[in-house]
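Participant: Questions regarding the structure given below will be posed in turn.
Since every read-out is calculated from the coordinates, none of them should be taken as a lab result. Source: prediction; values computed, not measured. Don't worry about glycine lacking a Cβ; one is built from the backbone with ideal geometry, like all the others, and counts go over all protein chains shown.
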Amino acid sequence: MAALLVQMLPSETHSLPGLLRDWREDTMVFLRHDAPKLALVVFAALLAIRILRAVTGSVASLQEKRLPSGMRAQQVRTLAGVITSVGVFGIIFVAVLEVLSLLGLNLGPLLASAGIAGLAIGFGAQTLVKDVINGFFILLEDQFNIGDTVRIAGVKGTVESMSLRRTVLRDDDGTVHMVPNSDIQIVSNMTRDWAQLTLRVTVAYSEPSDRIISLLQKVASDLRHDDQFAGDIVSDIQIPGIDRVGNGEAEYLVLVKTLPGRQYEISRELRRRIKLCFEKNHVQAGAPGRVYVVDGAQSENK
């Protein structure tokens with residue numbers, strides 16, 4: 001055994017300089033041919049990431065300046081962040097593949113393993129992926145903004161915050177609803193562009209129709225030209241006429257288009273002015289409702 005080791009040592013010692021020489025040659029070949037390619041790939045990836053972030057940041061800043069203050073700042077930043085993240089991931093993924101190919105690694109098994117892992121993750125996170133995709137298109141299509149009053153997934157409220165995964169609503173009694181974006185199929189936005197107030201005014205059937213319409217038009221004109229409320233009313237108030245007749249009364253229709261969220265204050269002011277006008281001109285109100293009370297004991301005895 002000792003003789004065998006003595007015979008092997010000279011051969012290993014003799015082959016070590018050759019091995020070092022081969023490593024040196026391989027290193028020089030790598031530095032001359034592959035290292036510049038690796039440096040170019042890394043530089044191109046970093047440059048692409050920098051350009052992508054600069055472009056998305058500039059576009060987001062321009063969009064925020066064009067929109068009213070605070071209206072969609074969070075949505076624009078979220079959308080820009082998503083685009084940047086997806087773009088950076090794609091650039092890094094391609095760069096890593098190029099680097100591995102330059103290092104002489106076989107990418108076939110790696111890509112197959114990544115595909116199987118991605119498929120498993122996709123099956124396990126279908127709802128999350130659907131949330132993110134639906135949230136992305138909600139932001140992209142500007143379906144609603146923070147501060148809008150909307151009805152989604154069977155609940156109604158004011159949008160307090162929104163992300164790619166969920167939307168947070170607060171209803172009239174203060175309850176907070178957290179709605180996953182995948183559950184949003186139909187969006188009913190009640191604060192987009194303008195809101196319409198439909199007011200029905202009931203007077204006695206005997207009152208002349210032309211007189212009532214004239215009084216309503218005068219009240220509507222005064223409200224429309226009042227400096228306190230003129231900015232909240234987007235068009236002339238319409239008085240189409242009688243909407244319903246019956247039970248000794250006539251019902252007149254009043255239509256008002258206002259800015260979103262201002263219809264309630266306009267409605268209260270319009271009702272107050274109509275009441276004062278009718279009192280001043282002695283307009284008889286509609287017939288009061290009748291309430292019938294049935295005595296349960298007497299009905300049982302009968």
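Participant: Kindly state, to the nearest 0.05, the FRET efficiency for Ile242 paired with Ser161, given R0 = 51 Å and r defined as their beta-carbon distance.
Facilitator: The value I calculate is 0.65.
Participant: Per Stokes-Einstein, at 37 °C and 0.692 mPa s, what whole-number D in µm² s⁻¹ belongs to segment 173-288, with the Kirkwood radius over Cα pairs as the hydrodynamic radius?
Facilitator: Value of D from the Cα-based Kirkwood radius: 205 µm²/s.
Participant: Please give, to one decimal in nm, the separation of the simple spin-label points placed at Met190 and Val88, each 7 Å out from Cα toward the Cβ.
Facilitator: 4.0
Participant: Starting from the Cα-Cα distance between Gln126 and Ser221, subtract it from 0.36 nm times their residue separation and give me the gain in nm to one decimal.
Facilitator: 28.5 nm
Participant: Right, something else. What FRET efficiency do you get for Ala230 and Val96 if R0 is 51 Å and r is their Cβ-Cβ distance, rounded to the nearest 0.05?
Facilitator: Using R0 = 51 Å, I get an efficiency of 0.25.
Participant: Still on this structure: Can you give the direction-averaged projected area of the convex hull of the alpha-carbon atoms in segment 214-255, in nm²?
Facilitator: 3.3
Participant: Now for a separate question. Could you give each residue of segment 189-206 its phi-based ³J(HN,Hα) in whole Hz, using Karplus coefficients 6.51, -1.76, 1.60 with θ = phi - 60°, and x for Gly or Pro?
Facilitator: Result, rounded to whole Hz: 9, 9, 10, 9, 6, 7, 10, 10, 9, 10, 10, 10, 10, 10, 10, 5, 4, 6.
Participant: Apply the Karplus curve 6.51 cos²θ - 1.76 cosθ + 1.60, θ = phi - 60°, to the phi angles in segment 228-239 and return the couplings in whole Hz, x for Gly and Pro.
Facilitator: 5, 10, 4, x, 8, 9, 8, 7, 4, 6, 9, 10
Participant: Something else about it: Amide H to amide H, which residues 5 or more places from Phe144 or on other chains are under 5 Å from it, using H placed in the peptide plane?
Facilitator: none
Participant: Right, here's the next one. Using Cα pairs under 8 angstrom and six or more residues apart, how large is the relative contact order of segment 164-262, in percent?
Facilitator: 32
Participant: Taking amide H positions as placed in the peptide plane 1.01 Å from N, state which residues far from Thr202 in sequence (5 or more) or on other chains have amide H under 5 Å from it.
Facilitator: Tyr252
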